[in-house]
């Protein structure tokens with residue numbers, strides 16, 4: 001269940017409170033700064049909704065926006081442009097106008113969640129490690145045992161991720177010899193490495209062929 005902290009004066013007659021509850025959210029309602037800070041310290045929240053109608057000090061809202069690891073969305077007056085600008089200046093991630101459309105709120109929360117997540121490529125890269133002693137590559141929760149040459153090829157491509165490495169460069173840097181016109185030794189090692197990736201239920205496309213150019217490490 002998703003937990004939302006709703007900071008506003010009166011939830012008893014608040015349509016938003018009941019709409020969110022009906023959508024399966026667990027809504028924690030507070031109407032003052034002290035209780036809001038306690039909830040922020042003790043709960044794992046998916047979002048904080050701040051109603052600008054609540055009596056406040058700007059310094060408090062700034063503290064909330066900066067302290068909270070979750071998205072902060074201000075509910076502002078649709079006819080008060082200055083209020084909306086002030087909300088963003090104080091550090092809010094987004095704002096909505098009264099009356100709040102729950103569907104729009106959900107969409108905005110999804111956008112903010114995607115922005116806060118690290119890119120998939122970066123996340124995947126952080127979970128790849130190399131063991132030079134036994135030529136093993138650890139990918140997430142799997143291990144890939146390679147020959148010395150396959151290991152060095154894979155590691156070289158990984159270290160140059162984001163660029164295309166030519167066959168000539170790989171042949172010289174990894175195999176330590178010039179690339180001959182009819183030399184297929186490099187292609188054989190690449191093919192064997194891909195086969196081992198597939199056997200280990202890993203994507204063989206991690207080593208991507210760039211036609212007419214060479215190879216690249218691909219996510």
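The values are calculated or read from the model by the stated rules, or taken from the named source; none is laboratory data. Please read these numbers as outputs of a predicted model, since none were measured by experiment. Positions of Cβ are backbone-derived with ideal geometry, glycine not excepted, and every protein chain shown enters the neighbour counts.
Give all pairs with beta carbons closer than 8 Å in which a residue from segment 120-142 that is outside the structural domain of residue 196 (by TED's automatic domain parsing) meets a residue that is modelled with pLDDT of 90 or more and part of a helix (DSSP H, G or I); count only pairs at least 6 apart in sequence or on separate chains.
none
Under 7 Å between Cβ atoms, at least 6 apart or on separate chains: pull out the pairs that start in segment 1-14 with a residue that is under 18 Å from residue 38 (Cα atoms) and end on any residue that is part of a loop (DSSP other than H, G, I, E, B) and at pLDDT below 75.
7/54; 8/14; 8/53; 8/54; 9/53; 9/54
Just name the residue that is farthest from residue 132 (Cα to Cα) out of those in segment 156-184 that are surrounded by 13 or more Cβ atoms within 10 Å (Cβ to Cβ) and without any contact (Cβ under 8 Å) to a residue 40 or more places away in the chain.
The residue in question is 183.
Does residue 91 satisfy the criteria of being surrounded by fewer than 18 Cβ atoms within 10 Å (Cβ to Cβ) and modelled with pLDDT of 80 or more?
When the stated conditions are applied, residue 91 does not pass them.
Which numbered condition in (1) out of contact with any helix residue (DSSP H, G or I) (no Cβ under 8 Å at 6 or more places or on another chain); (2) at pLDDT below 85 is the only one that residue 203 fails?
Here residue 203 clears every test but (1).
Restricting to segment 186-219, what's the tally of residues that are surrounded by 16 or more Cβ atoms within 10 Å (Cβ to Cβ) and in a loop (DSSP other than H, G, I, E, B)?
The total comes to 1.
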